[in-house]
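What follows draws every value from the coordinates through simple rules; no lab data is involved. What you see is a predicted model, and the numbers here were worked out from it, not measured in a lab. Don't worry about glycine lacking a Cβ; one is built from the backbone with ideal geometry, like all the others, and counts go over all protein chains shown.
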DNA sequence: GCAAAAGTGTTTTTCCTACACCCATGC
DNA sequence: GCATGGGTGTAGGAAAAACACTTTTGC
């Protein structure tokens with residue numbers, strides 16, 4: 001394999017993505033079992049081409065891992081402490097494992113570049129989890145949807161990045177009406193409520209929740225959904241474009 | 001003068017600061033009459049040392065221009081469009097004027113560096129305007145406090161950055177109780193109200209405003225302030241630490 | 001009919017707004 | 001006393017929360 005071409009990218013600047021999905025009444029995050037650094041977990045990330053806008057770079061990185069385009073994306077914070085990588089206890093392991101893995105592709109220059117000081121722009125993404133087909137990146141052993149209530153130890157400051165992303169999501173979910181990006185095309189009111197309960201980790205009163213959401217006037221009611229259960233069939237809704 | 005040492009800084013990454021102050025019932029921004037680029041206006045900004053955290057860099061840049069330390073600072077957005085500098089109509093003028101101004105300090109390498117593509121981290125700062133003693137930076141002809149209702153044309157995308165900063169301030173003023181950073185140590189309730197009116201550009205009902213602020217329970221009431229005016233003396237307040 | 005869940009309507013509470021009123025101050 | 005602005009109390013209304021009730025569905 002040919003040498004990793006760090007020269008195409010802006011140095012010392014990276015993007016990390018917190019990809020949120022929703023399934024089984026749980027808010028989930030797509031994280032990567034990292035090939036290097038003792039098999040720790042990491043957020044999907046990447047670098048910015050010298051000729052590429054940062055939103056474009058984030059979209060590209062997401063496309064690579066999820067296969068999806070036009071994903072809902074929000075920049076939420078820059079992480080730029082001078083020691084965030086340099087003092088990381090993963091740094092040296094990663095460096096030596098990279099070299100061992102492929103000395104052609106990762107020579108000393110490249111591993112220095114990869115493990116140097118990085119300022120990281122954090123983005124979070126909201127996806128319809130059923131549409132995602134996770135694709136390993138170059139540094140991923142595999143990707144996995146993990147519940148936000150059951151997160152493993154993560155590399156560098158990625159746990160902190162994730163926490164800040166979740167805070168930002170909680171702040172924006174209501175205000176910007178972005179929650180529907182986590183649901184399929186059509187959904188019942190109960191599903192919306194369960195999503196909110198998963199994000200905020202607290203119950204809502206069903207009748208008031210329904211009123212609140214319908215009063216927003218952003219949903220259109222479709223036909224009923226007959227599940228075969230012995231109870232009244234709920235309406236399906238769709239987000240108005 | 002010796003050559004501008006771009007090698008100390010992370011390349012393609014900059015910080016711009018929107019410094020808010022409050023005086024004469026108006027919200028003001030400290031902006032710089034730029035020495036180059038036809039004397040346009042610009043936001044105070046700077047670069048990040050390779051060994052320096054970004055918050056630290058922002059503090060340093062602010063210290064240089066205002067003389068103050070421990071300023072309230074908030075990161076609010078990254079501006080990373082690939083064309084934000086490259087396609088700017090100011091780029092070529094700035095480049096040639098820099099060279100003419102000091103060919104030793106700004107040779108071709110340096111001017112290329114300075115006018116290359118930059119990703120810019122936006123910070124806003126809140127200061128007690130009476131404590132600021134504006135200091136020109138290397139590229140400033142002079143600095144000036146301008147009302148947000150009377151802003152000049154600005155270089156590159158600095159007008160947009162300013163607009164986004166003001167939006168972020170409006171979002172956070174209430175929520176994070178940061179407004180008091182714009183006021184002196186002690187202040188009357190009316191002064192708080194006038195500050196809010198300046199920021200949001202709308203009137204508040206005085207009685208209800210007072211109740212709202214006092215109910216936050218973050219102010220302590222001090223002695224009265226006798227102004228010599230023929231009316232009841234208002235209380236002074238101080239922000240509880 | 002019955003259990004389960006959906007959905008609607010009503011009451012209660014809380015919060016916000018408007019406004020009337022009293023208070024301190026200097027002349 | 002009086003004009004001026006500071007500060008408090010209260011009534012009305014809108015929005016949110018709590019709760020009671022009706023409807024639909026499959027067995």
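Label-point distances for residue B:220 to the equivalent site in the other copies, using a point 7 angstrom along Cα→C-beta, read 6.0 nm when ranked shortest first.
Shape index of the range A:183-239: Rg/Rh, with Rg the Cα radius of gyration and Rh the Kirkwood radius from the inverse mean 1/r over Cα pairs, equals 0.96.
Taking each DSSP H run with n ≥ 4 as -39500 (n - 2.57) and averaging over every residue of chain A yields -9000 deg cm²/dmol at 222 nm. Between the alpha-carbon centres of the range A:82-107 and the range B:161-196 there is a gap of 45 Å. Would you work out if the range B:155-220 is rounded, prolate or oblate? Take a ≥ b ≥ c from the square roots of the eigenvalues of the alpha-carbon gyration tensor; rounded if a/c is under 1.5, else prolate when a/b is larger than b/c, oblate otherwise. Judged from the Cα gyration tensor, the range B:155-220 comes out prolate (a/c at least 1.5, a/b above b/c). Computed over the Cα atoms of the range B:118-168, the ratio of the radius of gyration to the Kirkwood radius (Rg/Rh) comes to 0.95. Here each label is just a point 7 Å from Cα along the line to Cβ, and for residue A:63 and residue A:150 those points are 3.4 nm apart. The tail of the calculated P(r) for the range B:1-133 beyond 23 Å holds 37 percent of all Cα-Cα pairs.
Against the main long axis of the alpha-carbon atoms of chain A, helix A:206-215 sits at an angle near 80°.
Projected over all directions and averaged, the alpha-carbon convex hull of the range B:91-213 occupies 9.7 nm². Here is how far apart the residue A:135 label points are across copies: 5.1 nm, shortest first, using a point 7 Å from Cα toward Cβ. Among beta bridges from DSSP that stay inside the range A:6-179, the antiparallel ones total about 75%. Can you tell me how the protein assembly as shown classifies by the Cα gyration tensor, rounded, prolate or oblate, using a/c under 1.5 as the rounded cut? Cα axes put the protein assembly as shown in the oblate bin.
A straight line joining the Cα centroids of the range A:1-71 and the range B:1-30 runs 30 Å. Relative to the longest principal axis of the Cα atoms of chain B, helix B:91-101 runs at roughly 80 degrees. Return, ordered by residue number, the residues of the range B:182-204 whose backbone nitrogen is under 13 Å from a label point located 7 Å along Cα→Cβ of residue B:238. Only B:185-187 pass the distance filter. Against chain A, whose longest principal axis is taken from its Cα atoms, helix A:158-175 shows a tilt of about 30°. Would you compute the Debye intensity of chain B from its alpha-carbon atoms alone, equal scatterers and no solvent, and pass along log10 I(q)/I(0) at q = 0.07, 0.15, 0.16 Å⁻¹ to two decimals? With one equal scatterer per Cα and no solvent, log10 I(q)/I(0) is -0.28, -1.02, -1.13.
Summary for residue A:184: label point 7 Å along Cα→Cβ; distances to the equivalent points in the other copies, ascending, 6.5 nm.
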